[in-house]
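The structure appears right after this line, and notes come after that.
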Amino acid sequence: MEVLTPTEENYLKAIFKLTENDGGTAASSIAASTNAIAAMLGTAAASVTDMLKRLSAKGLLHYEKHRGVSLTERGNELATNLVRRHRLWETFLVMKLGFSWDAVHDIAEQLEHVQSNELVERLDAFLDRPQFDPHGDPIPDTMGRMASRKQMQLSAMAVGDKAVVVGVQESQSSFLQYLDRMNISLGVTLQVMERYDYDGSMRVAIQGKDEYTFSQKVCENLCVQKTK
């Protein structure tokens, strides 16, 4: 089994996320551009090109200059395992150590690089094999399979519709902290009371009580399951 540096693993995970399809897996038919990878990792495009060549030489990427990059079967396997570790650690930090959902990403970024399959399997069993992490993202199982469910953006709901919050598209701390202030978390019931065509904002009732007006950006970043 090849040993990758944390930086190499971060590249694989970034490409996985950029080429992720609706089923939660990386698609070989989708290519990630050098600029998109650079933006996600906060690095220079020239540095990205050098790393892509290195990972391609290791057989982990399909890379062709000016045509973007996708993961090979082996690269996808490694990236999926990395995503599995990250999301399991986030779940552990929230469920067992009491961290808030906005505080776990950076810690999980460090823990995900621990190279121990036995540790990951014991962690998964200890958590009773969760299917979704604290942000609502699916956790790959040992075979790389992810649970699926019908969900949509809050912005796609009609006036009068009710839905349960099942995830977020954006996991930045500032956004999660904003949701906390609005008393919005996974499992909370929302009802669309009014839509404003001018700017795409919505007036939403939370748990049938308090009503707030949310911007289009907030509505697009909330994943829900319709209940009515």
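General observations
- Qualifying residues in segment 174-194 (those that are within 29 Å of Glu112 (Cβ to Cβ) and hydroxyl-bearing (Ser, Thr, Tyr)) - the one surrounded by the fewest Cβ atoms within 10 Å (Cβ to Cβ): Ser174
- Count - residues of segment 98-107 that are of a type in the set (A, V, I, L, M) and farther than 13 Å from Ser171 by Cα: 1
- Screening Thr19 with (1) farther than 27 Å from Ala147 by Cα; (2) out of contact with any His (no Cβ under 9 Å at 6 or more places or on another chain) gives one miss only, at (1).
- Out of Ser171, Ser155, Ser148, Ser116, sole residue that is loosely packed, with under 14 Cβ neighbours inside 10 Å, in contact (Cβ under 8 Å) with a residue 24 or more places away in the chain and of a type in the set (Ser, Thr, Tyr): Ser148
- Helices (runs of 4 or more DSSP H) wholly inside segment 1-106 containing at least 2 residues that are at pLDDT 90 or above and among the charged types (D, E, K, R): 6-18, 45-57, 73-95
- The residue that is farthest from Val164 (Cα to Cα), counting only those in segment 186-210 that are of a type in the set (A, V, I, L, M, F, W, C) and touching a Gly at 6+ places or on another chain (Cβ under 9 Å), is Met193.
- Identity of the residue in segment 74-110, over 21 Å from Leu176 (Cα atoms) and free of Cβ contacts under 8 Å to residues at least 40 places away in the same chain, that ends up nearest to the chain's Cα centre (by Cα): Arg85
The values are calculated or read from the model by the stated rules, or taken from the named source; none is laboratory data. Small disclaimer: the values here were computed from a predicted structure and weren't measured. Methodologically, a virtual Cβ is constructed for each residue, glycine included, from the backbone with ideal geometry; neighbour enumeration extends over all protein chains shown.
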